Structure formats: structure tokens, C-alpha cells
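J.: Pasting a structure here, questions to come.
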Amino acid sequence: MKATIALLPGDGIGPEVCRAGAEVLAAVGEHYGHSFELREAAIGGAAIDASGSPLPPATEALCRDADAVLLGAVGGPKWSDPQATVRPEQGLLRLRHAMGVFANLRPIVPDRRLSAASPLRSELLEGVDICFVRELTGGIYFGAKRRDSNGASDVCSYSVMEIERVVRLACELALTRKRRLVSVDKANVLETSRLWREITSRIVTEEYPAVHLEHMLVDAAAMYLIQQPARFDVVVTENMFGDILTDEASVITGSLGMLPSASLSAGGPGLYEPIHGSAPDIAGKGIANPYGTILSVALLLRHSLGLEREARAVEVAVSGAIDAGLLTPDLATSNARAVATAQVTAGVVGLVRGEFADRAIA
Ligand code: NAD
């Protein structure tokens, strides 16, 4: 197959992990006979420095025309003046909006071999396999904002259509998994949550009777994610609750650096990125964990290009690389055992090509 993939490295460790993702994509292309054209463009702080805009029109156009977008991360201390009117994060929010990526998928599957890095006891991690579906383009992050000398307000609003489409997507996903859906809201307090609950119940009853639905208040969900993470299968929720809960859930895997995400639209290109930020504290050192980005490549192959066999091959290669002890400092039990981003990447590339990971270590 032929596909064009937009690469947006961004800031901090973004370029380092994006390079790893690009190398894995190239290896998949070569090994499985696909032609992936990778086109790079600026976003975030790097784009502000180059052109004054965090999302230059050329970047937006490239992303709209591509089959999928792979992004590193944006932001950093250089651009974090709270008084600044132009900020790197605006680039990402505008891009999500321009691409219409309304559903953010975040799989949370702790690896038993990395349980020492998790703050939870290993027995609590047994059987944990959660996929969050976070609504990404509505709610309080996008509502009207007001500030005057007496106070400030942020409007949270959801239309019926915005809730319906993300709930349907979550139901479709549940059908491919254990068919259990938890819908998280704050229906005891918020009107938007009462609408969310009503619509979710209707869609599951009328269109997805095979899916078992449980409504859960966001405060209870925050607690159960720590106490009984294995009780969740697919979780669907609105933008802000999803933002907070997915960060909470991510730490149970041991490192932010492990986790991929896919942001999907209705038929347009998808946006794939690790869930971590630009990690300025380790940028430029060559030690960033690239697994989250490489696993985002697997999601890209699966959801945007329909290449399930290739997606599985990347996931199996990541597992093989972990088995071979290819762990960056955030995962390794001692610094002496830790390896660099480039070694992890070479190991995964080798495994995708059918070679042994330990050849990459040698
Ligand atoms: P962060 O995710 O960048 O870093 C948090 C901690 O996790 C740091 O100690 C970092 O070293 C570590 N870490 C993160 N990714 C890692 C990886 N791949 N390998 C090893 N360690 C890793 O979050 P932060 O420090 O709160 O934010 C830093 C900057 O990133 C800020 O400017 C923030 O706005 C931005 N940010 C961007 C995104 C995005 O682009 N999607 C998301 C979150 C934060």
C-alpha cells in the first residue's frame, strides 16, 4: 500500500521519539512491501521560533492531506511565560480541532515485566487491560472563556451529536473486546453529564444491546482506577474527565513513556502521539523512552491504514525488545542496565525485520 504520513516532531524529546517512530515505520514499509512517504513539518515551540505561529498553515495543510499524522510533543520552558499570547499547546489544540479528531483512544495495558516501575502492587495489575475513549474536541476546554476583575468563567457545553458519535465509537470498540463499557460523568451535579448519561443509555439500549453498560461518577472512577483497575474494559468520558483520568491511569503502567494514543475523526486522517509531554528535563540526552511513540505507530497502522498484521508485528517487537532488556532509564531497575533511545529503536527495528534484538545490543 502507498500512504503519506505527516511527521510533526515538535519540541523537547519530541524529535527524539518521533525519529524512533519514523525508523520503525520505515522498517515496516520495507519488510511488508509498503511505500510510506514521511513528510516532516513544524508545530509547537519550534514552529513559533521559525514562523511566529504554533500551527503554520503549511503544517495544517500537510496534515489534512496525509493519511495519518505522527506527532512527538510540544511545549517547554522557553515558551511557558504565562503572559504569552502565543503558546506551543495552541498548535496542538488547533490541529486536533482542524482535523476533527473527536475521539482520543488510550490503551492502558501494564507489562508484568515492568511492574517494579509501577506505584501499584503487582497483584493489582493482574489482568489490567483498559482502553479509554476520551471526547477530545468539546466540553469545557473549548467553551467560551471570560475574565474580569471580579472573577472568571469557562463554559462547558456538549451537543447531542458530539456525545452520540463518541459513545458509538466506544461501543464499536467494546464489541471487539470484552463488551463492557463504563461511562464516566458527574451526573449528580452537571447538566452536561445528565445529558451524557441519557444519550449513552439510549445508544447502548437501542443500538448495542450486546454491550454491558455501567455509569460511574468521575470521583468513584478515580478511586477504582487505583483500587481495582482490572474491573475496567472500555471507558468513555468527556474531555476534561478523560484528560485527568487517563493521566492517573497512565502511571499505573510504570512510566508515562510507555503509552500511545490515537485520535480519530469521522473518516479523515488520524493523529497519533505518545501521551507524554516534551520532557525538557531529559531532552537532548538521547535517553527518552520511545516505546509510547512506537506503540502509537502500531495504532496508526491499525486504525488509519487498516494494517492489523503489521500493527501486531510492531507490538510483538516492542514486547520482544522489553524481553531482551532494552529499557531506557525511566524503566530500568538500575542506571547501569539502562540503554539509550537509539538502542531501543534499533532493537525494535531488528525484531520487525525478523532479526534478534540482542544483535542490536551487541
Ligand atoms: P512530561 O510528560 O513532559 O514529563 C513528566 C515526567 O515524565 C518528566 O520527568 C519526564 O522526564 C518524564 N517523561 C515523559 N516522557 C518520557 C519519556 N518518553 N521517556 C522518559 N521519561 C519521560 O510532562 P511535563 O513535565 O508536565 O511537561 C513538560 C512540557 O510538555 C510542558 O511544556 C507541557 O505543556 C508539555 N506537554 C505537552 C504534551 C503534548 O505535547 N501532548 C502533553 C503534556 C505536556
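J.: Can you grab the distance from the C-alpha centre of region 162-198 to the C-alpha centre of region 278-340, Å, no decimals?
T.: 30
J.: Could you list which residues have their amide H under 5 Å from that of S183, counting only those 5 or more apart in sequence or on another chain, with H placed in the peptide plane?
T.: E214, H215, M216, V236
J.: Pick from N239, N104, N150 the residue whose mean-square fluctuation is largest in a GNM of the chain, springs joining Cα atoms under 10 Å.
T.: N150
J.: Can you compute 3J(HN,Hα) from phi for each residue in region 181-198, using the Karplus curve 6.51 cos²θ - 1.76 cosθ + 1.60 with θ = phi - 60°, rounded to whole Hz and x for Gly and Pro?
T.: Here the 3J(HN,Hα) series is 10, 9, 9, 9, 8, 9, 5, 6, 10, 9, 5, 4, 6, 5, 5, 3, 5, 4 Hz.
J.: If you don't mind, there's one more thing I want to ask. For region 3-127, state the semi-axes of the equivalent ellipsoid (square roots of 5 times the eigenvalues of the alpha-carbon gyration tensor), sorted largest first and rounded to whole angstrom.
T.: 29, 23, 14
J.: Testing the spin-label approximation: label points 7 Å from Cα along Cα→Cβ at R353 and D243. State their distance in nm.
T.: With each label placed 7 Å out from Cα toward Cβ, I get 4.2 nm.
J.: Quick check: residue separation of E207 and K285 times 0.36 nm, minus the Cα distance between them. What number comes out in nm?
T.: 23.0 nm
J.: For region 119-253, with only Lys/Arg (+1) and Asp/Glu (-1) charged at the beta-carbon, what is the dipole magnitude about the Cα centre, in debye rounded to 20?
T.: 60
J.: Would you work out the relative contact order for region 33-178, in percent, from Cα pairs under 8 angstrom that are 6 or more residues apart? All intermediate terms of the calculation are to be shown ahead of the outcome.
T.: On the way: 155 pairs, mean separation 24.4, N = 146.
Here the relative contact order equals 17 percent.
J.: Counting just the Cα atoms, what span does the chain cover along each of its three principal axes? Round to the nearest Å and put the largest first.
T.: That gives 59, 49, 41 Å along the principal axes, largest extent first.
J.: Using the Karplus curve 6.51 cos²θ - 1.76 cosθ + 1.60 with θ = phi - 60°, what ³J(HN,Hα) values do you get for each residue of region 117-127, in whole Hz, with x for Gly and Pro?
T.: The phi angles translate into 7, 8, x, 8, 4, 4, 5, 6, 8, 3, x Hz.
J.: Estimate the FRET efficiency between S80 and V316 by the formula 1/(1 + (r/R0)^6), using the beta-carbon distance for r and 30 Å for R0, to the nearest 0.05.
T.: 0.15
J.: On to the next question. Kindly write out, for region 274-283 in residue order, the coupling ³J(HN,Hα) from the Karplus curve 6.51 cos²θ - 1.76 cosθ + 1.60 (θ = phi - 60°), rounded to whole Hz, with x marking Gly and Pro.
T.: Couplings: x, 7, 6, x, 7, 6, x, 5, 10, 4 Hz.
J.: What is the chain's relative contact order, in percent, from Cα pairs under 8 angstrom and six or more apart in sequence?
T.: 21
Every number in this text was worked out from the coordinates using simple rules, so none of it is lab data. This structure is a prediction, so every number in the text was calculated from the model and none was measured. Cβ atoms come from the backbone with ideal geometry, glycine included; neighbour counts cover every protein chain shown.
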